[in-house]
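Participant: Here's a structure for you.
The values are calculated or read from the model by the stated rules, or taken from the named source; none is laboratory data. All values derive from a computational prediction rather than experimental measurement. Because the Cβ atoms are built from the backbone with ideal geometry, glycine has one as well, and the counts that use them run over all protein chains shown. Side chains are part of the model used for accessible areas, which takes the heavy atoms of the whole protein and leaves out ligands, DNA and RNA. Shrake-Rupley method; radii C 1.70, N 1.55, O 1.52, S 1.80 Å.
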Amino acid sequence: MNAGEGRRRLPGRGTAGKSSAAHRPAGARRRLARGGGEGPLDRLTMRGRLAWLNSAGSRIGTTLDLERTAQELAEFTVPRLADGAAVDILESVLQGDEGARWTGTGVPLMRATALCAVEELSSLEPTPVGETTTAHAEEAHETLLHSYCLRQGKSVLVSRMRKDDFRKVAPTESAAAKMRAAGVHSYLAVPLIARGLLLGSADFVRGPGRPPFSSTDLALAEQLASQAAVYIDNARLYGREREHVVSLQRALLPRATPVTPGLRVQAEYAPSAAHHGVGGDWYDVMALPGGRTALMVGDVMGHGLPAAATMGRLRAVARTLMTLDMAPERVLARLDLATRDLEDEQVATFLCAVFDPADSTYTLASAGHLPPLLIDGQGSAEFVDVPVGAPLGAGVIPYDPIRLKVPKGGNLVMYTDGLVKSRHEDIDDQLDCLLSAARDLTPEALEGGGLIGCAPADAARFDEAVLLVATALSMDPADVREWQLPQEGRAASVARNLVTDQLAEWDLEELADVFELVVSELVGNALRYGNGPGRLRLLRGDRLVVEVSDTGPDLPQIQHAELSDEGGRGLQLINMLCRRWGSCRTVTGKVVWAEQNLPS
C-alpha cells in the first residue's frame with residue numbers, strides 16, 4: 001500500500017476519559033512495557049518478539065468491558081511496538097451490533113476508544129476518546145490512508161513519511177503540522193477483524209530515536225490485532241447480552257408508583273458497577289382497597305437472565321396475591337409455595353409492608369430480607385425488628401407479622417442488599433454506615449434517593465440495589481371517621497344512622513341510600529358469622545370506603561341463592577351496588593369493606 005490511500009489521527013495530548021493514563025513518562029522507550037521483556041521490539045530477537053506477542057493473552061481482554069479492552073491493546077503496544085497508539089471502534093459495534101465490511105463511500109462512523117503515547121509525543125492532536133471521527137470534506141476521504149484500511153480490511157504501512165503523507169494521516173492541518181514538528185516519521189494501521197467482520201482499527205506511529213516500521217513489525221501488529229479483535233468482539237457480545245438482561249429487568253419493574261392516600265413513595269433502582277451484577281432485585285407499590293398501600297421489595301439470589309426471569313414471575317404472583325387482599329404473612333407463605341414450584345429452584349428474599357392511612361400503621365412480614373429503616377422525621381433512625389422468616393423457596397413457613405406505628409412525616413426505608421453489600425467490608429459495618437447516613441440526610445435528600453450514594457462505590461459494589469422510601473402523610477381528620485358498634489341486634493340501625501349523618505356532613509347525601517343498604521348487610525354478616533361487629537369506619541379519599549370489622553375467622557363469599565331462599569343475597573347486592581368489595585384478615589379477625597366512586 002502506498003502513502004496516498006488512507007488516513008489517521010495520532011495519539012497525544014488532549015485526550016480525556018480513559019485516555020488520562022495514555023502518556024508514558026520520559027524515557028519510557030528504555031523501560032519495560034506491560035508485555036514484559038527488556039526493551040523495544042526492534043532491539044529484540046525474533047524469539048523475544050514472539051514471547052512479547054504471546055504475553056498479549058494475559059494483558060489484553062482482562063475484562064469483558066469493550067472500552068477497557070481497547071485501552072489495554074493501546075497500552076500493550078507502547079512503547080514496545082510503537083511510540084503512540086490509537087484504537088477506533090465502529091459506532092455500530094459500540095452499540096452492540098455486529099461488525100461489517102464497509103461498502104459505502106468515505107469511512108464508516110468511528111469513535112475514538114483508546115489512546116496511548118510516550119511523553120515525547122504529548123504535543124500531538126488526536127481525536128479525544130469518546131468523540132467520533134473528525135469530519136473531513138467528502139472528497140478528502142478517498143485520499144486518506146485510514147480510509148483504505150477500513151474499506152479494504154487491509155493494513156497500511158508507511159515506513160518513512162514524506163511531507164505530503166502527514167496530511168494523509170492526521171485528521172487536521174494543525175495535527176499534521178504537530179506531527180511533523182514532533183518528529184513522527186513512520187505510520188502503521190491495521191484493521192480489527194473478528195469472525196470475518198470489521199470492528200475497527202488500530203493505528204501506530206514512531207518518533208525520533210526509533211527505526212521505521214518494518215514488514216516484521218507489520219506482521220506482529222496484524223497478529224496482535226487479530227487476537228485483540230476477538231477479545232473486543234467477546235466484550236461486545238457480553239455487553240449486548242447484559243443490555244438485554246437490563247432491558248428485561250427494567251421492563252419488569254414498575255414504570256411509576258401510584259398515588260395512594262396518606263403515603264408518598266419514591267423508588268430508586270441502581271444497576272451494579274460490575275457486569276455480572278444484573279439480576280433479580282425488584283420492588284412494587286400497589287394501591288389496595290380501603291386506601292391502603294402495599295410496598296414490596298425482593299431479591300432473587302443469583303444473577304443474569306434466570307434471576308431476572310424469576311423476579312418477573314414472583315412479582316406477578318405477589319401482585320395477584322395482594323389483589324386478593326391477603327395479609328403480608330399469608331402472601332409470603334403463598335409465595336414460598338410458588339417459588340418451590342419453579343423449575344430452576346431459585347431462592348429469594350422478600351419484604352412486604354401494608355400501610356393503613358387511617359391510623360398510620362404498617363403491617364410487615366419478612367422472608368429472609370434485610371430489616372427496613374424507620375426514620376421518625378426528627379433525626380432519629382433505627383432498624384425495624386421484623387421477625388425474619390426463611391427465604392422464599394426454602395420451604396420453612398409460617399411467617400410472623402409485626403405492626404408498626406409511624407409518626408407524621410416518618411419514613412420507612414426498604415432496600416435490597418446491593419445497597420450495603422461490599423467485597424471489602426462486613427455487612428454489619430455497612431448497615432451501621434447506612435444507619436448513620438440516614439440520620440444525617442435531610443428529608444428532601446432522603447426522598448430524593450440520597451441513600452443510593454451510600455452504596456459501595458466502583459469495583460467494591462458488585463450487586464444492583466433497590467431503594468424504596470415511603471413517607472407517611474397525615475390524613476385530614478375530617479376524612480376519616482370511626483365508631484365502635486354495639487354487640488347486639490340494634491347494631492345495624494346504629495350503623496345506618498352514623499353513616500347517614502356523616503354523609504350529610506360531607507355533602508354526599510346522594511350516596512346515603514346505597515350505603516345504608518351496604519352497611520346493613522355488612523353489619524348483618526358480622527352478627528351472623530363474625531361473633532358480632534367490632535368497629536365501623538368511613539374513609540373519604542379518591543373514593544368513599546366503608547369498613548366493618550369482626551372477630552370471625554371465615555372470610556365472606558358470595559353464595560348462590562335459589563329463588564325460594566329467604567337469605568344469601570346480601571353480598572350479591574353489595575357486589576352490584578358498589579364499585580368493588582372485599583375482605584382481609586387482621587390480627588384479631590377480619591375486615592369486610594366496600595367502596596364507591598364519589599359523585600363527579
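This table checks each residue for (1) at pLDDT below 85; (2) assigned to a helix (DSSP H, G or I); (3) under 19 Å from Pro211 (Cβ atoms); (4) of a type in the set (Ser, Thr, Tyr).
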{"residue": "Arg29", "(1), (2), (3), (4)": "yes, yes, yes, no"}
{"residue": "Ala33", "(1), (2), (3), (4)": "yes, no, yes, no"}
{"residue": "Gly36", "(1), (2), (3), (4)": "yes, no, no, no"}
{"residue": "Gly39", "(1), (2), (3), (4)": "yes, no, yes, no"}
{"residue": "Asp42", "(1), (2), (3), (4)": "yes, yes, yes, no"}
{"residue": "Leu53", "(1), (2), (3), (4)": "no, yes, yes, no"}
{"residue": "Gly57", "(1), (2), (3), (4)": "no, yes, no, no"}
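Participant: Looking at segment 232-253 only, could you name the residues that are among the charged types (D, E, K, R) and crowded, with 17+ Cβ neighbours inside 10 Å?
Facilitator: Selection gives Asp233, Arg236, Arg242.
Participant: For segment 171-186, what are the residues that are in contact with a Pro (Cβ under 9 Å, 6 or more places away or on another chain) and either assigned to a strand (DSSP E or B) or open to solvent by less than 10 Å² (accessible area, probe 1.4 Å) (or both)?
Facilitator: Across segment 171-186, the qualifying residues are Pro171, Ala175, Val184, Ser186.
Participant: Find the residue count for segment 309-342, including only residues that are part of a helix (DSSP H, G or I), at pLDDT below 85, of a type in the set (D, E, K, R) and open to solvent by less than 50 Å² (accessible area, probe 1.4 Å).
Facilitator: Matching residues across segment 309-342 total 0.
Participant: Collect the residues in segment 410-446 that are open to solvent by less than 30 Å² (accessible area, probe 1.4 Å) and under 19 Å from Gly379 (Cβ atoms), keeping them in residue-number order.
Facilitator: Scanning segment 410-446 gives Gly410, Asn411, Leu412, Val413, Leu431, Leu434, Leu435, Ala437, Ala438, Leu446.
Participant: Now, a different point. Tell me, which residue of segment 124-154 that is part of a loop (DSSP other than H, G, I, E, B) and open to solvent by less than 20 Å² (accessible area, probe 1.4 Å) is modelled with the highest pLDDT?
Facilitator: Result: Leu124.
Participant: Another question, if that's okay. May I ask you to list the residues in segment 160-170 that are in contact with a strand residue (DSSP E or B) (Cβ under 8 Å, 6 or more places away or on another chain) and either assigned to a helix (DSSP H, G or I) or acidic (Asp, Glu) (or both)?
Facilitator: Correct list: Asp165, Lys168.
Participant: Would a scan of segment 199-213 turn up a residue that is in contact (Cβ under 8 Å) with a residue 60 or more places away in the chain, open to solvent by 10 Å² or more (accessible area, probe 1.4 Å), over 30 Å from Trp52 (Cβ atoms) and touching a helix residue (DSSP H, G or I) at 6+ places or on another chain (Cβ under 6 Å)?
Facilitator: no
Participant: Among the listed residues Leu571, Leu539, Leu544, Leu522, identify the single one that is part of a helix (DSSP H, G or I) and at pLDDT 80 or above.
Facilitator: Result: Leu522 is the single residue among Leu571, Leu539, Leu544, Leu522 that is part of a helix (DSSP H, G or I) and at pLDDT 80 or above.
Participant: Of the numbered conditions (1) in a helix (DSSP H, G or I); (2) free of Cβ contacts under 8 Å to residues at least 60 places away in the same chain, Met286 satisfies every one except a single condition; which is it?
Facilitator: (1)
Participant: What pairs can you find where one residue is in segment 341-354 and on the phi > 0 side of the Ramachandran plot and of a type in the set (Gly, Ala, Ser), the other is open to solvent by less than 50 Å² (accessible area, probe 1.4 Å) and at pLDDT 85 or above, and their Cβ atoms are less than 8 Å apart, with a gap of 6+ or different chains?
Facilitator: Listed by first residue and then by second, the contacts come to nothing, as the list is empty.
Participant: Here is a check on your reading of the model: is Glu516 farther than 30 Å from Arg439 by Cβ, buried (at least 16 other Cβ atoms within 10 Å of the Cβ) and acidic (Asp, Glu)? It would help to see each step written out before you state the result.
Facilitator: Numbers: farther than 30 Å from Arg439 by Cβ: yes; buried (at least 16 other Cβ atoms within 10 Å of the Cβ): yes; acidic (Asp, Glu): yes.
In short, yes.
Participant: Any idea which of (1) at pLDDT 85 or above; (2) open to solvent by 20 Å² or more (accessible area, probe 1.4 Å) is the one Ala294 doesn't satisfy?
Facilitator: The single condition Ala294 does not satisfy is (2).
Participant: Is it the case that some residue within segment 82-95 is modelled with pLDDT under 90 and assigned to a loop (DSSP other than H, G, I, E, B)?
Facilitator: Yes, the conditions are met somewhere in segment 82-95.
Participant: Going through segment 343-372 one residue at a time, which ones are modelled with pLDDT under 90 and part of a loop (DSSP other than H, G, I, E, B)?
Facilitator: Answer for segment 343-372, where residues must be modelled with pLDDT under 90 and part of a loop (DSSP other than H, G, I, E, B): Glu343, Asp344, Glu345, Gln346, Val347, Pro357, Ala358, Asp359, Ser360.
Participant: Within segment 527-536, can one find any residue that is surrounded by fewer than 21 Cβ atoms within 10 Å (Cβ to Cβ), of a type outside the set (Gly, Ala, Ser) and touching a helix residue (DSSP H, G or I) at 6+ places or on another chain (Cβ under 9 Å)?
Facilitator: Yes.
Participant: Out of all the residues in segment 216-231, which are farther than 13 Å from Val190 by Cβ and either open to solvent by 60 Å² or more (accessible area, probe 1.4 Å) or in contact with a Gly (Cβ under 9 Å, 6 or more places away or on another chain) (or both)?
Facilitator: Listed by number, the residues that qualify are Val230, Tyr231.
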